[in-house]
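What follows is one structure encoded as structure tokens, with my remarks underneath.
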Amino acid sequence: MDERPETELISIPATPRGVSTPEIQTPSGQRSPRPPSKEAKSSTAWTPTSFISPRFLSPIGTPMKRVLVNMKGYLEEVGHLTKLNPQDAWLPITESRNGNAHYAAFHNLNAGVGFQALVLPVAFSFLGWSWGTLSLTIAYFWQLYTLWILVQLHEAVPGKRYNRYVELAQAAFGERLGVWLALFPTVYLSAGTATALILIGGETMKLFFQIVCGPLCSSNPLTTVEWYLVFTSLCIVLSQLPNLNSIAGLSLIGAVTAITYSTMVWVLSVSQPRPPTISYEPISLPSSSASVFAVLNALGIVAFAFRGHNLVLEIQATMPSTFKHPAHVPMWRGAKVAYFFIAMCLFPVAIGGFWAYGNLMPSGGILNALYGFHSHDIPRGLLAMCFLLVVFNCLSSFQIYSMPVFDSFEAGYTSRTNRPCSIWVRSGFRVFYGFINFFIGVALPFLSSLAGLLGGLTLPVTFAYPCFMWVLIKKPTKYSFNWYFHWILGWLGIAFSLAFSIGGLWSMVNSGLKLKFFKPPN
């Protein structure tokens with residue numbers, strides 16, 4: 001094991017090596033002032049400074065009293081702390097701890113709304129009105145509850161902060177098993193989403209150029225692969241921002257653009273005349289087994305719409321946290337705002353898109369349908385704006401989904417060298433990661449059609465693991481309602497994950513159901 005220098009703040013019970021803790025001051029020396037909470041004022045629980053009471057201080061002169069009062073406030077802030085791991089000050093996730101509820105809202109919105117929302121009407125075309133609406137509603141409230149679980153478990157043990165999803169999994173399932181269970185789906189979700197974003201962003205840039213340029217386009221336009229390269233280069237330039245807090249502005253741009261183009265797409269769709277042959281009956285397939293697999297794949301698409309739980313702990317790690325002002329308060333406040341807007345995007349797109357196109361919905365989603373059915377009815381500038389907003393959103397989403405991978409690269413480097421990454425090493429990691437995703441996307445372009453499979457394989461991260469973690473860390477009374485509820489919910493998530501993955505694999509094999517995002521119809 002590598003030796004890492006540790007700075008001991010206060011020698012209350014020591015924590016294991018490598019476990020980061022809440023700090024009274026961020027590594028950058030900044031901490032947002034906060035007014036004392038009402039609960040803190042009214043609390044009568046014992047603290048390390050309970051013996052310093054006003055009655056005890058009354059006979060002491062003013063200078064000494066001021067010193068003791070200041071010391072009392074300091075100890076109340078850090079009385080539950082143990083050690084600070086200096087490596088956290090070198091890594092992108094925890095390098096800056098001056099985040100707040102606004103940053104949490106921006107990051108959660110950027111991670112929670114994106115291209116996956118545009119294919120929800122495809123799921124409805126296989127599920128129909130009732131089952132489609134019911135599955136989307138259940139999935140929304142289920143993932144909102146597991147989000148709350150992760151926010152609460154971030155500081156489940158006093159003196160410890162689980163700054164990354166894998167760290168919390170290790171605390172719940174054990175060091176080795178936690179890595180095996182959590183590392184693959186989280187890395188697959190981050191890297192797979194980044195690769196899909198390159199494919200979608202490059203294809204959308206190509207369509208945007210065609211719409212804007214029109215008949216004036218040159219005789220030798222860029223190929224699709226060249227547009228992938230242009231988009232990847234833009235992603236690499238933006239990825240040079242050092243840490244998660246530094247991309248808060250990009251996350252705000254990603255959130256605003258996602259809300260805007262989602263609203264524009266469904267409003268434009270429902271405002272146009274519906275196709276004459278529209279039908280709302282679920283798509284019928286030749287055999288019952290094919291219909292079952294298609295439904296499972298559609299449910300996987302619904303599950304994939306609620307990604308982003310692999311980033312919750314990382315977002316919360318960017319906030320200062322003390323005994324009196326824990327980080328879960330602003331984190332949950334920001335998450336509630338973010339998921340209100342996420343619901344305002346996902347439900348209208350799914351329901352409005354299915355109402356406008358029914359089972360005529362192309363496999364690429366609602367934006368494909370808008371381009372295919374109404375490209376001559378909608379002003380070219382308005383259509384081009386939709387595509388441009390999608391490009392901006394993809395550029396922003398690439399940054400937040402890549403940040404955990406950047407953090408892993410730099411954690412390996414700092415563990416071996418015992419020093420922070422230089423700007424050249426950090427830039428090299430990010431350039432390498434960007435072009436690796438580019439080459440994977442070029443070699444395996446069908447990755448953009450794996451919405452159902454991605455939803456199935458990564459479903460435990462959102463719907464199952466948080467329930468198991470709650471039972472194993474919080475330890476509710478055995479055989480109580482709380483105990484049964486979380487075990488049942490967790491195993492249901494695992495069962496759905498297996499079923500949706502099978503449906504996603506079947507849709508890959510069946511060429512008629514491949515999802516090709518943003519490719520214009522013939």
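Along the positive direction of the dipole of region 94-511 (beta-carbon charges: Lys, Arg +1; Asp, Glu -1; about the Cα centre), which of V212, W131, S271 reaches farthest?
About the Cα centre, the residue reaching furthest to the positive side is W131.
Ordered by residue, what ³J(HN,Hα) values in Hz, to whole numbers, does region 162-173 give under the Karplus form 6.51 cos²θ - 1.76 cosθ + 1.60, where θ = phi - 60° and Gly and Pro are x?
Once rounded to whole Hz, the list reads 8, 7, 9, 4, 5, 4, 5, 5, 5, 5, 8, 9.
Which of F406, P420, F438 sits farthest toward the positive end of the charge dipole of region 368-442, with +1 on the Cβ of Lys and Arg and -1 on the Cβ of Asp and Glu?
P420
I473 accessible area, nearest 10 Å², 1.4 Å probe?
I473 has an accessible surface of roughly 40 Å² with all protein chains in place.
Rounded to the nearest whole Å³, what is the per residue volume of the convex hull around the Cα atoms of region 94-511?
Taking only Cα atoms, region 94-511 has a hull volume of 150 Å³ per residue.
Relative to the Cα centre, what is the charge dipole magnitude of region 94-511, using +1 at the beta carbon of each Lys and Arg, -1 at the beta carbon of each Asp and Glu, and rounding to the nearest 20 debye?
Roughly 920 debye for region 94-511.
State the extension gain, in nm to one decimal, for the chain segment bounded by C213 and T133, taking 0.36 nm per residue of separation less the distance between their alpha-carbons.
24.9 nm
For H325, H154, write out the residues from largest to smallest accessible area, computed with a 1.4 angstrom probe and no ligands counted. Intermediate values should be presented prior to the final figure.
On the way: H325 20, H154 0 Å².
Output order, biggest surface exposure first: H325, H154.
I need the P(r) histogram for region 235-282: all alpha carbon pairs, bin width 10 Å from 0 out to the longest distance, whole percents.
20, 29, 21, 16, 13, 1
Under 5 Å between amide H atoms, partner at least 5 residues away or on a different chain: which partners does G364 have, H built in plane at 1.01 Å?
Long-range HN contacts for G364: K516.
Spelling out what I want: for every residue of region 371-379, take phi, set θ = phi - 60°, compute 6.51 cos²θ - 1.76 cosθ + 1.60 (Karplus), and round to whole Hz; glycine and proline get x.
5, x, 8, 10, 5, 8, 9, 9, x
With all protein chains present and a 1.4 Å probe, how do T146, T223 order by accessible area, largest first?
Ranking T146, T223 by accessible area, largest first, yields T223, T146.
Say the dipole of region 94-511 comes from +1 at the beta carbon of Lys and Arg and -1 at that of Asp and Glu; which of I301, S251, F354 then lies farthest toward its positive end?
The Cα lying farthest towards the positive end belongs to S251.
Quote the accessible area belonging to K206 in square angstrom, nearest 10, computed with a 1.4 Å probe and with ligands, DNA and RNA left uncounted.
60 Å²
Tally up the carbon and sulfur contribution to the accessible surface of region 123-257 as a whole percent, 1.4 Å probe, everything protein left in place. List each step's numbers first, then the result.
Details: 3980 of 5360 Å².
Using a 1.4 Å probe with all protein chains present, region 123-257 comes out at 74 percent carbon and sulfur.
Using alpha carbon coordinates only, what is the Rg to Rh ratio of region 134-293, with Rh defined as the Kirkwood radius?
1.05
How much accessible surface area, in Å² rounded to 10, belongs to the heavy atoms of Y465 with a 1.4 Å probe?
Rounded to the nearest 10, that gives 20 Å².
Residues of region 481-506 with amide nitrogen under 20 Å from the 7 Å Cα-to-Cβ point of S287?
499-506
For S288, S269, give me the order by solvent-accessible area with a 1.4 Å probe, most accessible first, ignoring ligands, DNA and RNA.
Values: S288 95, S269 0 Å².
Ranking S288, S269 by accessible area, largest first, yields S288, S269.
Given points 7 Å out from each Cα along the Cα-Cβ axis, report the S480 to S427 separation in nanometres with one decimal.
5.5 nm
Output ³J(HN,Hα) for region 247-263: one whole-Hz value per residue in order, computed from phi by the Karplus curve 6.51 cos²θ - 1.76 cosθ + 1.60 with θ = phi - 60°, and x for Gly and Pro.
Each residue of region 247-263 in turn: 9, 4, x, 5, 5, 5, 4, x, 5, 5, 5, 5, 4, 5, 6, 4, 5 Hz.
Suppose a student asked you for the relative contact order of region 94-511, using Cα pairs under 8 Å spaced at least 6 residues apart; what percent would you report? Write out the running numbers ahead of the final one.
Working: 630 pairs, mean separation 150.2, N = 418.
Normalised by residue count, the contact order of region 94-511 is 36 percent.
The values are calculated or read from the model by the stated rules, or taken from the named source; none is laboratory data. Being a predicted model, the structure only gives us computed values, none of them experimental. Neighbour counts run over all protein chains shown; Cβ positions are idealised from the backbone, glycine included. Just so you know, the surface numbers come from the protein's heavy atoms only, side chains and all, with ligands and any DNA or RNA stripped out. Shrake-Rupley method; radii C 1.70, N 1.55, O 1.52, S 1.80 Å.
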